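A.B. asks: Just passing along the structure, written as structure tokens.
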Amino acid sequence: MLSPSNNINKKLSNQTQDLTGQFNLCSIEKFKAYLKDTDWSFIDTSHKGVDPNILCNEYLSKFTVGFNACFFLKPKLNWKHSPRKGWMTTGLVRSCSTKSILFQKFKCNPNKENEVAYIKYRNKLNSTFNKAEKNFSHKKISDSVGDQ
């Protein structure tokens, strides 16, 4: 059963998504050129009455615009919840998570009931893996027969 705090944490984690970017030499050079060509004259320290927060915000906005234009950000994949092999489905990934939970239960509270539940689920999952992999292999072979 989920407590209210767990629901709040889930909602927050769904709202904020980790991003990853492509940092190759071409993108880095493009960003360097952007920084070189940008007019940074607004950061003149000789002006005494200018609010430093405004200058900082303007600097950050110009920097962020250039960064986002040069480095393409995309959502970071969560490998824990995505299939690891071509023959795996998201259902099999969820089953792996369930197996891990059963294993942790068994390790934390080693009794016969937890052991039987874990071993039974593990064996059923392994047979499902074998069937899925075999079906995937047969499908790949039958699809490639006409390609020769």
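A.B. asks: Which residue pairs have Cβ atoms under 7 Å apart, sit 6 or more places apart or on different chains, and have a first residue in region 96-109 that is within 20 Å of Asn130 (Cα to Cα) and a second that is acidic (Asp, Glu) and surrounded by 11 or more Cβ atoms within 10 Å (Cβ to Cβ)?
C.D. replies: none
A.B. asks: Next up: Within region 14-31, work out how many residues are exposed (fewer than 12 other Cβ atoms within 10 Å of the Cβ), part of a helix (DSSP H, G or I) and at pLDDT 65 or above.
C.D. replies: Residues meeting the conditions: 3.
A.B. asks: Considering only region 41-77, state which residues are at pLDDT below 75 and within 22 Å of the chain's Cα centre (by Cα).
C.D. replies: Passing the criteria: Leu73, Lys74, Pro75, Lys76, Leu77.
A.B. asks: In addition: Just checking, how many residues over region 90-139 are surrounded by fewer than 13 Cβ atoms within 10 Å (Cβ to Cβ) and either touching a Leu at 6+ places or on another chain (Cβ under 7 Å) or assigned to a loop (DSSP other than H, G, I, E, B) (or both)?
C.D. replies: Number satisfying all stated conditions: 3.
A.B. asks: Which of the residues spanning region 110-148 are closer than 23 Å to Arg94 by Cβ and polar (S, T, N, Q)?
C.D. replies: Asn114, Asn123, Asn126, Ser127, Thr128, Asn130, Asn135, Ser137 - these are the residues of region 110-148 that are closer than 23 Å to Arg94 by Cβ and polar (S, T, N, Q).
The values are calculated or read from the model by the stated rules, or taken from the named source; none is laboratory data. All values derive from a computational prediction rather than experimental measurement. Neighbour counts are summed over all protein chains in view; Cβ atoms, including those assigned to glycine, are modelled from backbone coordinates with ideal geometry.
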